[in-house]
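*Asks:* Pasting a structure here, questions to come.
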Amino acid sequence: MRRTALAALLILGLCRDAPASERLLEKWRWRVFTPQNGLPERNFAAIFQARNGLYYAASGNRIFRYDGYRWDELPFAGQAGPEDPIRVITESRDGTILAATARGIWAGRLGASFQRVLSAGGLFLAASDERQIYFMAAGSLHRLEGARVHRLQAVEAVPADAITCMAVDGDQTIWVGTDKGLLRQEGYSWRPDPELAALGLDGAACRGLFVTGGLKLWASFQHTDGGWTLVERRNGRWQAPAAGAPAAAVLSLTGYPDGIVYASTTEGGLYRGDIDGRWARFPSIWPGSAVTAASIVDDRGALWLCLSAVGIARFDARGDRWQPLPIDAFGPGNEHVLSLLVARDGTTWVGTEQRLSRITGGSAETFTETPSHPLRRISALAEDAGGAIWTGSPEAFPGAWVLDDGRWSHYRLPPPYEGVTLHRITADRERRLWLIAAERHRAGAWASDGRSLTHFDRDAGLAGDVVYAVHVSAGGAVWFGTDRGLSRISNFTSRMFRHFTREDGLAADRVWDIGEGNDGTIWAAHQIGGGASRFDERTGKWTRHGIDDGMANESVWSVAGSPLNDVWFGTQSGITRFDGAAFYNYEIAENPLMSNVWPLAIVPRERGVLVGTLASGAFLFRREDNDPPAVFPAANVRVFPHGQPIRLSWDARDRFDQTNREDLLYTLTLLTRDQVAWTRMHREQTFVADSLPHGRHTLLVHARDLDGNQAPVPVRIEFQVALPWYRRIAVLAGVGLALAFLAAVHVAAFRWRARARRAQALLRRVAGETGRTIVAAGARARIAAVEGAALPGLRPGLRLRDSACGRKLALTAPGSSSVFSIDDRRWRADAFVAGGVRAWTLVPERDDALPAPPPELAAQAETLAAAARAPAQKTAVALPDVLAELLRGMPPETARRVTAAIPVPAALWRVLADPEDVREIMSALIANAIESAENARVFIAARNRRLPHDTEGTAFVEIEVLDEGPGIAEGPGIAGDPWRPFAAFHTTKPGHRGLGLTIALGLARRNGARLAIENRPERGLRAQVCLPARRG
């Protein structure tokens, strides 16, 4: 890192005056991230590098992470991010990334979303070099440990109206900038530093605090008169303000451990402070942009700056080497290079103002004279098919001088062009020579194949007579750069020209040079402004590239495509490289003339380019790469049919370059069933295999670039090869049978569980509504449920045969009844089947039927019944049908209050009575219960019953109508009288005659039935009627 900073200082130290160094930073090795090459936003206010090497940047209330290959946005929990812009990003001791706004702190770990950990007003956050987090909230100091907040109660509140900034220096001292000056924590109080008073800064508002490399503290103060002062605290003492230091508000300040710092201010540009306290200002960092309040130096020594309205810029002083060609090849006054040529034998030819030089290895040979002309202003150099070197000059001599096998010969153009001088000579892919006339002659260009000469000018179809460049593309098309645009013919023999001008998308009509990228795109260089224009043959459209896209300068002199997928540009500010995704700029020196690149030649088998300058000779630039590549798998098929070709693809990028076009070498390892099948080297980004055995496979892709950098971790691409069809059918059949068996088991289990649930719900409802005890038995005669009053010896899970009561229940067949004793009480058990589950209802057994009414009441009731109804016509009546008919005839809101609980309607005996009489009796009882219950529920229960002296005439169906009303009214003379409601004309409801129950009693008596009413112990009324029934 020290060498990086010293190298930067050495470059800057070469600059002796301010004007010469104003644009120096703009010409360094910058990588600018913009929305055009992967950066999601343009304006960033915070940037930070974590200990794991990942970069975090904040734009507004959004956070992005950069791993050296691509930018990814990080989510916030609940899709709701901070309400305010993020001002600070830092890292805690446990590796948690913290983002702070003016009103809250958010925390996020790798692979998880950000969560809010604190909400507070007036919040400022700072981290020590040990990653201890402190923050100020409402004027009080707090410490953050993980997600826990600790307020330092013993430390008093900051004695100021407004806090502006906060920092923790290398001595773990906490500093707070306020509107009343800079305060430091001393014990439990905040005090001003007395040294600041000696510097005249006592009471000056502190607007910025910055901790740089080496844990030095910097403070920016604003005076009452509006002036600004930047001071440094070093070795425990404040230093006097340095001359030339920023005199404006400092937005960001960062630096290296050896003392070199970079500061941005509100007035724009960037300041550099060296070890000796000298400052230099560079107003233009990037055209149309200024550094915002964010800058860092990462662990690699690279400087990162957030540029307003542009994006993020990164400068890395490592790598990239300039190697000057031997100085004796030029000599004094010959540093102005006009042409360059790398011959097929590896020698380098350089044409300058006064000589021609040939460089072989470390030695150089110069040529100053031909037999008849001096070799000066050699702007044209080319090698023909026989290896002869052709030279041309726009001023020194007409035609061309040719050096072939050590002998010079003069070549002149045919009349009337024998006096034309040449501006440029180039050789195309077929080693055809193109002779381009100097601009003052306006004579076009000639093509020579060694036998014939073909002339191209405006009369032949060109856009203009002034030709600057000729290029033959890989497809055979011939491009001419003129002063009036570009002209193109599809092949050498065609004369159908197509012209391109500014109206067609060119940046400018004057095209000084033409180049071609490996992807077939054509590049046009514009010498006087305009930058470069790119033509895409597939779309037929031109795209302009300039400063806004990352180029250092828009005056482009030359362009050339490299076999290694780069396109190089020679500009007035050095050279620019385009890798297919972004532009990279490389400056030769601080002197603008030294960085004005005119000719440019591609060096075979080199990751670089040969450049000539206007004032410093020629240089060989080698691009050295120290960053590992990474592989990103594409969306591949996961399962391949057996016997079919397998095709897998991936993308590769070099760290910090964001390009997938670099020439990488891949090591492929195939794992079959976790065993290594083979390992091989591969250059394509696609793996194809004719066939592989069935099963699970994994392809490991390990990338390596041309500089030997390897990806740290290989990428795993997992896939499967399906079984052959004949094995797949057998397996599918077996799987199908197994699935069918499992489905049948699940269906049976589901049905059994559903039936059990329905039976359980039914039993629970019957027990709750009738007040009876329900016992249900499941599989293997085990008791599944006991609802209602639990009987001794009966509990769920117990087998029926393990208790005396259970054995008696098991002997009672569905649809029949039995009576047995439990704890000296007699119980009647009625057996039935519900939902496929055997069940029994148990009620205490009564020894007799319902009591008979008083004779007077019985006679009165029979008289009224005879008057109301015709004589009884007894027949077998299905009681459930009568109840269902009555319920259907009720209003819906009334019917919803009535519940009929008959577990097994088919098991209920048929009643021997007049159907109409049964309907009238049930209607009267239900109506009485509904009116008595008001808004409460009414329950109807029915069961078979036999008297103890079991004879044919003692079979009954007992019906209970239960309500939750007030019951039989109590009062003088009627308390506890169960027959009072049957008295004629007795009623407690206005508008009623009081004859319903009386007639019902008479109808019951003439059908041989018993009817009684009594109060329920808990609440309400119970009406019981026993109707004669036929068993079975």
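The values are calculated or read from the model by the stated rules, or taken from the named source; none is laboratory data. It should be emphasised that the depicted structure is a prediction, and the values quoted were computed from it without experimental measurement. All Cβ positions, even for glycine, are placed from backbone atoms using ideal geometry, and neighbour counts span all protein chains on display.
*Asks:* Among the listed residues Ala112, Ala99, which satisfies the condition of being among the aliphatic types (A, V, I, L, M), out of contact with any Cys (no Cβ under 6 Å at 6 or more places or on another chain) and not in a loop (DSSP other than H, G, I, E, B)?
*Replies:* Ala99
*Asks:* Which of the following residues is farther than 30 Å from Leu307 by Cα and among the acidic types (Asp, Glu): Glu267, Glu186?
*Replies:* Among Glu267, Glu186, only Glu186 is farther than 30 Å from Leu307 by Cα and among the acidic types (Asp, Glu).
One line per residue, one yes/no per condition, for (1) in contact with an Asp or Glu (Cβ under 7 Å, 6 or more places away or on another chain); (2) modelled with pLDDT under 80; (3) in a helix (DSSP H, G or I):
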| site | (1), (2), (3) |
| --- | --- |
| Ala900 | no, yes, no |
| Asp917 | no, no, yes |
| Ala924 | no, no, yes |
| Ala929 | yes, no, yes |
| Ser932 | yes, yes, yes |
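*Asks:* Out of Gly967, Gly1008, report the one residue that is in the same structural domain as Met922 (by TED's automatic domain parsing) and modelled with pLDDT under 80.
*Replies:* Gly967
*Asks:* If I filter the stretch 32-70 down to residues being of a type in the set (Lys, Arg) and out of contact with any Phe, Trp or Tyr (no Cβ under 6 Å at 6 or more places or on another chain), which single residue comes out as surrounded by the fewest Cβ atoms within 10 Å (Cβ to Cβ)?
*Replies:* Only one residue tops the list, namely Arg51.
*Asks:* Continuing with the same structure: When you check Trp279 against the structure, is it in contact with a helix residue (DSSP H, G or I) (Cβ under 7 Å, 6 or more places away or on another chain), at pLDDT 85 or above and surrounded by 15 or more Cβ atoms within 10 Å (Cβ to Cβ), yes or no?
*Replies:* Judged against the criteria, Trp279 is not a match.
*Asks:* Which ones in the stretch 208-232 are buried (at least 18 other Cβ atoms within 10 Å of the Cβ) and charged (D, E, K, R)?
*Replies:* Lys216, Glu232
*Asks:* Being over 20 Å from Val603 (Cα atoms) and in contact with a helix residue (DSSP H, G or I) (Cβ under 8 Å, 6 or more places away or on another chain) narrows it down to one residue among Val402, Val420; which is it?
*Replies:* Among Val402, Val420, only Val420 is over 20 Å from Val603 (Cα atoms) and in contact with a helix residue (DSSP H, G or I) (Cβ under 8 Å, 6 or more places away or on another chain).
*Asks:* Moving to a separate point now. So if I check each of Leu1001, Leu962, Leu995, Leu1021, which one is more than 26 Å from Pro844 (Cβ to Cβ) and at pLDDT 65 or above?
*Replies:* When all the criteria are applied, what remains is Leu995.
*Asks:* Still on this model: Hey, any hits in the stretch 502-523 for a residue that's among the hydrophobic types (A, V, I, L, M, F, W, C) and surrounded by fewer than 19 Cβ atoms within 10 Å (Cβ to Cβ)?
*Replies:* no
*Asks:* Same structure, new question: Give me the strands (runs of 3 or more DSSP E) completely within the stretch 365-472, filtered to those with at least 1 residues that are touching a Leu at 6+ places or on another chain (Cβ under 9 Å), ordered by residue number.
*Replies:* Result: 380-383, 389-392, 400-404, 407-411, 422-427, 433-437, 445-448, 453-456.
Condition check ((1) of a type in the set (Asp, Glu); (2) farther than 25 Å from Arg1016 by Cβ; (3) at pLDDT below 70; (4) part of a helix (DSSP H, G or I)) across all residues:
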site: Val747; (1), (2), (3), (4): no, yes, no, yes
site: Trp752; (1), (2), (3), (4): no, yes, no, yes
site: Arg757; (1), (2), (3), (4): no, yes, no, yes
site: Val766; (1), (2), (3), (4): no, no, yes, yes
site: Ile774; (1), (2), (3), (4): no, no, no, no
site: Ala784; (1), (2), (3), (4): no, yes, no, no
site: Gly806; (1), (2), (3), (4): no, yes, no, yes
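*Asks:* Could I ask something else about it? What number of residues within the stretch 65-89 are closer than 24 Å to Met166 by Cα and among the hydrophobic types (A, V, I, L, M, F, W, C)?
*Replies:* Total meeting the criteria: 3.
*Asks:* Same structure, new question: Are any residues in the stretch 473-482 part of a loop (DSSP other than H, G, I, E, B) and in contact (Cβ under 8 Å) with a residue 40 or more places away in the chain, and if so, which ones?
*Replies:* Scanning the stretch 473-482 gives Ser473, Ala474, Gly475.
*Asks:* OK, next. For the stretch 351-405, enumerate the residues that are surrounded by 18 or more Cβ atoms within 10 Å (Cβ to Cβ), over 58 Å from the mean Cα position of the chain (by Cα) and charged (D, E, K, R).
*Replies:* Arg355, Arg376, Arg377
*Asks:* Also: Within the stretch 52-96, which residues are among the β-branched types (Val, Ile, Thr) and part of a loop (DSSP other than H, G, I, E, B)?
*Replies:* Ile86, Thr96
Residue-wise test of (1) aliphatic (A, V, I, L, M); (2) modelled with pLDDT of 90 or more; (3) touching a His at 6+ places or on another chain (Cβ under 8 Å).
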{"position": "Ile389", "(1), (2), (3)": "yes, yes, no"}
{"position": "Ala396", "(1), (2), (3)": "yes, no, yes"}
{"position": "Gly399", "(1), (2), (3)": "no, yes, yes"}
{"position": "Leu403", "(1), (2), (3)": "yes, yes, no"}
{"position": "Leu413", "(1), (2), (3)": "yes, yes, no"}
{"position": "Gly419", "(1), (2), (3)": "no, yes, no"}
{"position": "Ala427", "(1), (2), (3)": "yes, yes, no"}
{"position": "Ala437", "(1), (2), (3)": "yes, yes, yes"}
{"position": "Ala469", "(1), (2), (3)": "yes, yes, no"}
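*Asks:* How about the stretch 664-705: which of its residues are closer than 23 Å to Gly608 by Cα and either surrounded by 13 or more Cβ atoms within 10 Å (Cβ to Cβ) or at pLDDT 90 or above (or both)?
*Replies:* Leu664, Leu665, Tyr666, Ala703, Arg704, Asp705
*Asks:* Is there a residue in the stretch 163-175 that is over 23 Å from Gly213 (Cβ atoms), surrounded by 15 or more Cβ atoms within 10 Å (Cβ to Cβ) and not small (Gly, Ala, Ser)?
*Replies:* Checking the stretch 163-175: at least one residue is over 23 Å from Gly213 (Cβ atoms), surrounded by 15 or more Cβ atoms within 10 Å (Cβ to Cβ) and not small (Gly, Ala, Ser).
For (1) touching a Ser or Thr at 6+ places or on another chain (Cβ under 9 Å); (2) of a type outside the set (Val, Ile, Thr), each residue gets a yes or a no:
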{"residue": "Arg103", "(1), (2)": "yes, yes"}
{"residue": "Trp106", "(1), (2)": "no, yes"}
{"residue": "Ser113", "(1), (2)": "no, yes"}
{"residue": "Leu118", "(1), (2)": "no, yes"}
{"residue": "Leu125", "(1), (2)": "yes, yes"}
{"residue": "Ala157", "(1), (2)": "yes, yes"}
{"residue": "Ala160", "(1), (2)": "yes, yes"}
{"residue": "Thr164", "(1), (2)": "yes, no"}
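*Asks:* Pull out all pairs, ordered by first then second residue, where Cβ-Cβ is under 6 Å, the residues are six or more apart or on different chains, the first lies in the stretch 75-95 and is assigned by TED's automatic domain parsing to the domain that holds Phe48, and the second is surrounded by 13 or more Cβ atoms within 10 Å (Cβ to Cβ) and β-branched (Val, Ile, Thr).
*Replies:* Pro82/Thr101; Asp84/Thr101; Ile86/Thr101; Glu91/Ile97; Ser92/Ile133
*Asks:* Considering only the stretch 222-232, I want to know if a residue exists there that is at pLDDT below 85 and of a type outside the set (Phe, Trp, Tyr).
*Replies:* Looking for residues that are at pLDDT below 85 and of a type outside the set (Phe, Trp, Tyr), one finds none in the stretch 222-232, hence no.
*Asks:* Could you tell me whether any residue of the stretch 425-437 is within 24 Å of Arg498 (Cα to Cα) and over 58 Å from the mean Cα position of the chain (by Cα)?
*Replies:* yes
*Asks:* Which residue pairs have Cβ atoms closer than 8 Å, lie 6 or more positions apart in sequence or on different chains, and pair a first residue in the stretch 401-418 that is more than 16 Å from Trp434 (Cα to Cα) with a second residue that is hydroxyl-bearing (Ser, Thr, Tyr)?
*Replies:* What qualifies is Leu403/Thr391; Trp408/Thr370; His410/Thr370; His410/Ser372.
*Asks:* Among the candidates Leu152, Leu141, Leu98, Leu125, which residue alone is within 23 Å of Val168 (Cβ to Cβ), out of contact with any helix residue (DSSP H, G or I) (no Cβ under 6 Å at 6 or more places or on another chain), free of Cβ contacts under 8 Å to residues at least 40 places away in the same chain and among the aliphatic types (A, V, I, L, M)?
*Replies:* Answer to the check: Leu152.
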